[in-house]
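One structure below.
What follows draws every value from the coordinates through simple rules; no lab data is involved. For clarity, every value in this text was computed on a predicted model and none was experimentally measured. Note: ideal-geometry Cβ built from the backbone for every residue, glycine included; neighbour counts use all protein chains shown.
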Amino acid sequence: MNLSRTAMLTGCTIIAALCALTLSSFAAETAFGTAPELDCGSPSDIHDGWVIGSAEQQGLDPALLCAMGKGVADGKLPNVDSIVVVRHGVLVYERYFTYPHQLAIDATTKHVGNSMTKSVVSLLVGIAIDRGLIKDLDAPIFPYFPENADLRAPEKDRITLRHLLTMSAGLNSTRAPGISFEYDDSETELIGAILQRVSGKPVNVLAQENIFTPLGIKDVAWYDGTVTGGFAKSSSGLSLRPRDWAKIGQLVLNGGDWEGKQIVPASWIAQSTTAQIKAREPFSYGFQWWIGRSLNEDRAIEWTAALGFNAQKTIIIPDLDSVVVFNASRQSTRMIAPEIELLDKYVLPAILKH
């Protein structure tokens, strides 16, 4: 055998050996989980009523959504526990993230909503009005609590349910009712107390009967707290799976309709998600719903949201027929951060690119 032929055979042997080694290493990495398949947020069907589809089929750029999830998982983007995206009534993206010293969550795990609870209570007010249990938003609230007549004061006699709904009652301040916005959990607790007076049921029972059951939401926890005497709180405490928070958003996006049944009056949805008072910059406030906007190039995208501490968000975007839910466990420095960055830089461009 001449030298060149020997060299050629030796080279082929070396290449074959390297190929075999590479394949062996890849197989070993896969077997031991060190080279996981890229997770791009394809939803799983857990038979909870959601129609499941692909992002691309519903007009979103899947590459942007995939990049968002990877950035969060790699620690290069704001941390979140979960992201859920719904477009045209179809669940197109969901992803759950695990952090050290934190319980892992998935599609079947409830997540506390904190003050997103307030927006669910607002839906109950609309239902109560529709059933004639509440007659007038502008009537004083003290007749609902005759046993507390001794606590009345001239400057508080003019407080109405409308003031409570818009966080403008001034319960813990010297300002007159209706003058300005001041976020106050006690105002929402009063709304819940009024609902219980007119219906005979606490807010958690009302929500179960009138919202959760019709929407097929079965896994619910509602913390009652100690300050409410054993009754479910109205200002916070509700825990739902992220996909079920998305159902609440979809109900609002549908104008209160769910599968052909009017759960909440459309007129109440329209009124409660319209700006009623100027709130913290850059928001306005409806009836226990926040009103905001995002800018994408030269276009302003208006949205309505239920917001809660630790950056819980259920965001309804009517012009894009979309709902986006973020849940997080780590305290953010401002309520609007960090998830609005994910909305503005990834989710909205993924929709608008198409």
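Of G132, F212, F97, which is farthest on the positive side of the dipole of region 66-352, counting Cα position, with +1 on Lys and Arg Cβ, -1 on Asp and Glu Cβ, and the Cα centre as origin?
F97
Using Cα positions and a limit of under 19 Å, work out the aspartates and glutamates in reach of K353, with same-chain residues fewer than 8 apart set aside.
By straight Cα distance, K353 reaches E56, D61, E297, D298, E302, D319, D321, E341, D344.
Could you tell me which of Q262, L240, S284 has its Cα farthest along the dipole of region 234-302 towards the positive end, charges placed at Cβ (Lys, Arg +1; Asp, Glu -1), taken about the Cα centre?
Checking the options against the dipole of region 234-302, the answer is L240.
Fewest to most neighbouring Cβ within 10 Å: what's the order for F287, F142?
Starting with the residue having the fewest Cβ neighbours, the order is F142, F287.
Going Cα to Cα from K201, which aspartates and glutamates come in below 17 Å? Please leave out same-chain ones fewer than 8 positions away.
Correct list for K201: D130, E189, E209, D224.
Determine the alpha carbon to alpha carbon distance for each of K233/K313; K247/K278; K76/K313; K110/K135; K70/K118; K110/K313 and list only those over 25 Å. Don't jump to the answer; show the numbers that get you there.
On the way: K233/K313 19 Å; K247/K278 27 Å; K76/K313 20 Å; K110/K135 35 Å; K70/K118 32 Å; K110/K313 14 Å.
Pairs exceeding the cut-off: K247/K278; K110/K135; K70/K118.
Would you mind calculating the gained length between S267 and D138 on full extension (0.36 nm times residue separation, minus the Cα-Cα distance), in nm to one decimal?
This chain segment gains 44.8 nm when fully extended.
Work out the length of the dipole vector of region 66-352 about its Cα centre, built from +1 on the beta-carbon of each Lys and Arg and -1 on the beta-carbon of each Asp and Glu, and round it to the nearest 20 debye.
Dipole about the Cα centre, nearest 20: 220 debye.
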